[in-house]
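Readers should treat all values here as calculations from the given coordinates under stated rules, not as data from a laboratory. Just so we're clear, the structure is a prediction, and the values are computed from it rather than from any experiment. Because the Cβ atoms are built from the backbone with ideal geometry, glycine has one as well, and the counts that use them run over all protein chains shown.
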């Protein structure tokens, strides 16, 4: 699993117009198809396809194909993303990533005072409005060689949300935006069992199961009898040990397979549990 947008910042196929933490405006161009890559999208995102087509499948298995001239708004979460080059043209898209603070700033100005998260769609898919197309064309032309400040990045993201809003009934758009900050609840146990070795933080798990961090910690302890940190560490190290019992792996690949992005931290966690480093464990297994 890759973490988006972080992975894109160093991708040679991606142009960074602006970046501030998890907020960003990017342009992606591909000459080769990207097929069903699992990704954790760590920020809410708007993807506008300029050429080719993109398929996004949600964690629940619901898919949506975004074709040239269309756009999609998705909350942060686990997705399977496929980018397809059509005929001789490259796949090209413009991507906006934004955080909860941006959402709150936008919704504070809405006339709607009550939102129903349960009625909110999983995502919003629509043809790119004329004003949005003009906005994107002007932005990419103006900032092709200019640096955008964090303040301007947030303003441009808010502007895009304002330009997109008239395409939907106000209540629908409000429901969706309010859903972004806390999504629908998921059952903790099956979700954690399936995703324990994904490179996610406790805060990520809380959000993805539709809970505040404090509620997640409480519900987790009720179900598992321990803290999320201890349970996650136990599962990840057990998975790493299981892999090493059957094959030799480079420590970087092993850390990645166990859900660790920091290799040094993984080695410390592995040693604190097994008394050995991964390399020592492999050598001991070989006798």
Highest mean first, what order results for 215-228, 47-60 on Cβ atoms within 10 Å? 47-60, 215-228
In nm, to one decimal, how far is the modelled label at residue 162 from the one at residue 264, with both set 7 Å along Cα→Cβ? 4.5 nm
per DSSP, antiparallel bridges as share of beta bridges in the chain, % nearest 5, sits at 95 percent
Counted neighbours (other Cβ, 10 Å), sorted fewest up, put 41, 86 in the order 86, 41
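Report relative contact order for the chain in percent, whole number only (criteria: Cα-Cα under 8 Å, sequence separation at least 6).
Answer for the chain is 15 percent.
Apply the Kirkwood formula to the range 2-181: the hydrodynamic radius equals the inverse of the mean of 1/r over all pairs of different alpha-carbon atoms; give it in Å with one decimal.
By the Kirkwood definition, the hydrodynamic radius is 16.5 Å.
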Peptides ranked, highest mean first, by Cβ atoms within 10 Å: ranges 93-99, 66-72: 93-99, 66-72
Inter-site label distance for residue 212 and residue 155 at 7 Å from Cα along Cβ, in nm: 3.4 nm
What spacing in nm lies between the two simple spin-label points modelled at residue 126 and residue 13, each 7 Å away from Cα in the Cβ direction? 2.9 nm
Between residue 108 and residue 252, 0.36 nm times their residue separation minus their Cα-Cα distance comes to what? 47.4 nm
For a Förster distance of 41 Å, can you work out the FRET efficiency between the beta-carbons of residue 189 and residue 86, rounded to the nearest 0.05? 0.45
Can you figure out the FRET efficiency of residue 119 with residue 32, using R₀ = 41 Å and their beta-carbon distance, to the nearest 0.05? 0.55
Can you list the residues of the range 22-44 with backbone N under 19 Å from a point 7 Å past the Cα of residue 239, pointing along Cα to Cβ? 37-42
Within the range 1-21, backbone nitrogen closer than 14 Å to the virtual label 7 Å beyond the Cα of residue 147 toward Cβ: 17-20
Give the angle, between 0 and 90 degrees and rounded to the nearest 10, that separates the Cα long axis of helix 263-274 from the longest principal axis of the Cα atoms of the chain. 40 degrees
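For the range 188-286, what ratio Rg/Rh do Cα atoms give with a Kirkwood hydrodynamic radius?
Taking Rg over the Kirkwood Rh, I get 1.02.
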